[in-house]
1. When you count, for each residue, the other Cβ atoms within 10 Å and take the mean per peptide, how do 281-290, 97-106 rank with the highest first?
2. Which angle from 0 to 90°, rounded to the nearest 10, does the C-alpha axis of helix 275-301 make with the longest principal axis of the chain?
3. Only Lys, Arg, Asp and Glu count, each charged at its Cβ (+1, +1, -1, -1), so figure out the dipole size of the chain about its Cα centre, rounded to 20 debye.
4. Each label point is 7 Å from the Cα along the Cα-to-Cβ direction; what then is the distance between the points at Asn2 and Leu267, in nm?
5. Is the C-alpha gyration tensor of segment 63-111 telling us rounded, prolate or oblate? Criteria: a/c under 1.5 is rounded; beyond that, a/b larger than b/c is prolate, otherwise oblate.
6. Under 8 Å for C-alpha pairs, at least 6 residues apart: give me the relative contact order for segment 51-128, rounded to a whole percent.
7. If a/c stays under 1.5 just call it rounded; otherwise compare a/b with b/c (prolate if a/b is bigger, oblate if not). Do that for segment 1-115, with a ≥ b ≥ c from the square roots of the Cα gyration tensor eigenvalues.
8. From the phi of every residue in segment 79-92, what ³J(HN,Hα) in whole Hz does the Karplus formula 6.51 cos²θ - 1.76 cosθ + 1.60 yield, where θ is phi - 60° and glycine or proline is x?
Amino acid sequence: MNPLALTIFLLSLAIGTTITLSSFHWLLAWIGLEINTLAIIPLMTKTPHPRAIEAATKYFLTQAAASALILFSSLINAWQTGEWNINSLTDLPMNALSIAIMMKLGLAPLHFWMPEVLQGISLPTGLILSTWQKIAPMTLLLQTSHLLNLNLTIALGLTSILIGGWGGISQTQIRKVMAFSSIGHLGWIVVILKFNPLLSLFNFMLYIIMTTAMFMALIAMSTTKMSQISTSWSKTPALSASTMLVMLSLAGLPPLTGFAPKLLITLELVKQDATLLASMVMLISLLALFFYLRLTYIITLTLPPNTPNSLLIWRTPSKSLPPTAIMNILALTLLPLAPTILLL
C-alpha cells in the first residue's frame with residue numbers, strides 16, 4: 001500500500017477514536033465510530049483476495065447496522081428528553097444503544113461476524129481490529145455504565161464467556177482462536193461493568209496489552225495455523241517460549257498478568273453477593289483454558305519430524321523483535337504492579 005494512503009488511514013483511525021472519546025454528544029460519538037469503520041476497511045482490502053473482500057463486506061454491513069441502531073436510539077432519546085447528552089438516556093433507548101455497542105464490540109450472541117472477519121484479514125489488520133477498534137465502543141459503555149440494564153449485561157457477558165470458550169475449542173486457525181479469545185475476554189469485562197466500571201477499564205487495558213503481545217508474536221513468527229506454530233520452536237526458541245507464556249497469561253494462570261483481572265473480578269462478584277454468578281463465570285472459563293493449553297502444548301511439546309536444524313530457515317525479522325519483546329514483558333510481568341495500578 002502507498003505509504004501516504006496508509007498514513008491517512010491510520011490518522012483517520014486515531015481521529016475517529018479521539019472524537020468518540022472526547023464527545024458528550026451522541027451525534028459526535030456516532031461520527032467518530034463511522035470514521036473508525038470507514039478507515040479500517042481499506043486496510044482490510046489492501047491484499048486483493050476474495051477472503052479479504054468478503055471479510056471487509058461482512059464487517060461493513062455489521063458495523064453499518066450497529067451504527068444505524070445507535071443513531072436511531074439516540075434520535076428517539078432526543079425526541080423523548082430533548083437532549084443529545086450521552087448521560088441523558090431513558091430505558092428503551094439505553095437498552096437499544098447498549099445492544100448496538102455490544103454488536104460493534106463483537107459480544108455474543110452478536111458475535112458471528114468477528115471470527116469470519118478476523119480470519120479473512122492479515123495479522124497486522126487483525127491486531128488493529130482486536131485492540132484499537134474496541135476502544136471507542138468500550139469507552140461509550142464505560143461512560144453509560146450507571147445506566148446499563150444489569151440483567152442485559154450479565155446475560156451477554158455470560159453468553160460471551162461461554163461462546164468464547166466453546167467456539168475456540170474446535171478451531172485450527174489461530175486468527176479464529178484469537179477472535180473467540182477476544183469474545184471471552186470482553187465477556188469478563190461486561191459481566192463486571194455494572195458493578196465496578198473501574199475494574200472493567202483495568203481489565204480492558206490488560207486485554208489490549210496481552211492481545212497486542214500475542215498478535216505481535218504471531219506476526220514475528222509469520223504463523224496463522226496451528227500446524228505452523230508446531231514448527232516454530234526449532235526456528236525461534238526464545239520467541240516461542242515467550243509466546244507460550246503469553247498464551248498462558250491470556251488463559252489467566254498465575255503468576256502472569258492475565259490472572260489479575262480474573263482474580264479481582266471474582267472477588268468483586270463475591271463482594272456483591274453474586275457468588276453463583278462468580279462460580280458460573282469461573283467454570284465456563286475452563287473451556288477457554290482448554291484451547292489455550294492445547295496451543296501451548298503444540299508450540300512447546302511437539303516437534304516436526306525429519307527437520308534437522310541445519311535445514312531450517314530462520315525467518316523471524318530482527319526489526320520486529322524489540323517491540324515484540326517489550327509487549328511480551330508487559331503481558332507477563334504486570335501482576336505484581338496490578339493492585340498499585342488499580343488503587344491509582
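1. Peptide ranking by packing, descending: 97-106, 281-290.
2. It works out to around 30 degrees.
3. 900
4. 5.4
5. Values: a/c = 2.80, a/b = 2.07, b/c = 1.35.
It comes out prolate by the Cα gyration axes.
6. 44
7. Details: a/c = 3.20, a/b = 1.62, b/c = 1.97.
The shape class here is oblate.
8. Computed from phi, the couplings for segment 79-92 are 5, 7, 9, x, 10, 9, 5, 4, 8, 9, 10, 9, 5, 5 Hz.
The values are calculated or read from the model by the stated rules, or taken from the named source; none is laboratory data. Just so you know, these numbers come straight off a predicted model, no measurement behind them. Note that we place each Cβ from the backbone using ideal geometry, even for glycine, and neighbour counts take in every protein chain shown. Note: areas computed on protein heavy atoms with side chains; ligands, DNA, RNA excluded. Shrake-Rupley method; radii C 1.70, N 1.55, O 1.52, S 1.80 Å.
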